[in-house]
Amino acid sequence: MGIKYKLHPSYQHFKEDIFHIKEIFSKDNEIIHKARNVLKVIPLHGIQTVVKAFRIPNAINQFAYAYIRKSKAYKSYFNALKLQELQVSTPSPIGFIEFYRNGFFKESYFLCEKFDYELTMAEIRDNPPKDKDAILKAFTSFSYEIHKKGVWHVDYSGGNILINREQGQYKFSLVDINRMEFRDINNYEGLENFNKFWFNEKDLTSIAKEYALLAKLDEKKAISEIIFQDKKLKNHVLRRRKFKAIFKNN
């Protein structure tokens with residue numbers, strides 16, 4: 001069995017743990033998320049550590065991740081380092097490890113420090129707090145600032161934005177960062193990044209107005225763009241659901 005791994009210089013004492021992460025992960029029961037991938041909080045060396053186990057990919061991707069593309073665990077680690085370099089908040093990366101058999105990519109894990117937070121942007125949408133409008137305004141400003149830094153989070157959605165209130169200010173942090181691009185972002189293009197939040201039209205309009213003010217864009221065009229991108233994605237998702245339902249019922 002082959003292994004590829006990387007540990008942050010500050011966490012070299014995790015080396016023995018990362019080599020045995022499959023056994024450690026299988027014995028721990030504190031699951032914090034379970035879908036395609038599984039996340040657990042596991043205490044290691046006195047640190048509450050979040051360990052993300054990625055699902056073993058299909059045969060084509062087992063070959064691709066072995067010889068052509070970087071794995072999700074790899075990108076999670078190095079994207080976190082890049083975000084820290086750009087002073088964008090994200091949980092502190094500890095390291096990642098990949099396991100290979102017969103030359104093919106198999107299991108992979110990403111480790112980071114557990115990040116404490118009050119709420120997520122999904123909660124702002126589903127259970128609005130009294131300061132929702134202030135949070136939306138601050139979040140729009142945060143989004144504009146990371147766009148200026150060239151950060152495009154492909155999975156920019158409610159559950160992947162963590163929020164903390166600190167001395168009257170709102171601090172935002174990014175998670176689930178394996179799908180991320182670092183590139184120039186045109187001003188109106190930035191409005192497309194809000195399409196996975198499933199906000200109502202009123203909230204989208206508020207975001208567009210604030211973003212237009214910050215980026216010095218035409219307000220009406222910004223509102224039109226953000227609503228267009230929102231409806232475009234929603235229609236795409238609804239079409240996929242109908243398509244799947246047809247095959248499910250046949």
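Bear in mind these aren't lab numbers, they're just calculated from the coordinates by the rules spelled out. Only a predicted model underlies this, so the values are computations on that prediction, with no experimental measurement involved. In this analysis, Cβ positions are derived from the backbone assuming ideal geometry, glycine residues included, and neighbour counts consider all displayed protein chains.
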Legend entry - Gyration tensor verdict on the stretch 119-243 (Cα atoms; rounded if a/c is under 1.5, prolate if a/b is larger than b/c, oblate otherwise): rounded
Inset, instruction - Compute the separation of the alpha-carbon centres of the stretch 156-201 and the stretch 38-80 and state it in Å as a whole number. - result: 22 Å
Legend entry - Among ILE3, HIS20, ASN200 the positive-end extreme of the charge dipole of the chain (Cβ point charges): ILE3
Inset, instruction - Compute the acute angle (0 to 90°) between the alpha-carbon long axis of helix 132-148 and the principal axis of greatest extent of the alpha-carbon atoms of the chain; round to the nearest 10°. - result: 70 degrees
Legend entry - Ranked list, fewest to most other Cβ atoms within 10 Å of each Cβ, for TYR65, TYR5: TYR5, TYR65
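Counting only helical runs of four or more DSSP H residues, what would the 222 nm mean residue ellipticity of the chain come to if each run contributes -39,500 (n - 2.57) and the total is spread over all its residues?
-13000 deg cm²/dmol
For VAL88, VAL41, VAL51, which order do you get if you count the other beta carbons within 10 Å of each Cβ and list the fewest first? Could the numbers behind the result be given before it?
Working: VAL88 19, VAL41 13, VAL51 22.
Ranking VAL88, VAL41, VAL51 by Cβ neighbours within 10 Å, fewest first, gives VAL41, VAL88, VAL51.
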Legend entry - Cross-link table LYS52/LYS130; LYS137/LYS234; LYS6/LYS196; LYS40/LYS234; LYS15/LYS82; LYS4/LYS72, entries beyond 25 Å C-alpha to C-alpha: LYS52/LYS130; LYS6/LYS196; LYS40/LYS234
Inset, instruction - Evaluate the charge dipole of the stretch 2-113 about its Cα centre and quote only its size in Debye, nearest 20, assuming +1 on the Cβ of each Lys and Arg and -1 on the Cβ of each Asp and Glu. - result: 520 debye
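Suppose we flag GluC sites (Glu not before Pro) only when DSSP calls them loop and at most 13 other Cβ atoms lie within 10 Å. Which is the longest uninterrupted stretch of the chain?
Numbers: sites that count: GLU30, GLU118.
It works out to 119-250.
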Inset, instruction - May I ask you to list the aspartates and glutamates whose Cα is less than 17 Å away from that of LYS209, ignoring any residue fewer than eight positions away on the same chain? - result: ASP133, GLU145, GLU189, GLU192, GLU201, ASP218, GLU219, GLU225, ASP230
Inset, instruction - Kindly state, to the nearest 0.05, the FRET efficiency for THR205 paired with GLN87, given R0 = 35 Å and r defined as their beta-carbon distance. - result: 0.70
Legend entry - Calculated on alpha-carbon atoms, Rg and Dmax of the chain in Å: 19.9, 58
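Counting other Cβ atoms within 10 Å, keep those with at most 16, restrict to DSSP loop, and tell me which trypsin sites (Lys or Arg not before Pro) in the stretch 122-169 are left. Don't skip to the end; give the middle numbers.
Numbers: sites: ARG125, LYS130, LYS132, LYS137, LYS148, LYS149, ARG165; in loops: LYS130, LYS149.
Answer in residue order: LYS130, LYS149.
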Inset, instruction - Give me the Kirkwood hydrodynamic radius of the stretch 2-113, using the inverse of the mean 1/r over all pairs of distinct Cα atoms, in Å to one decimal. - result: 14.4 Å
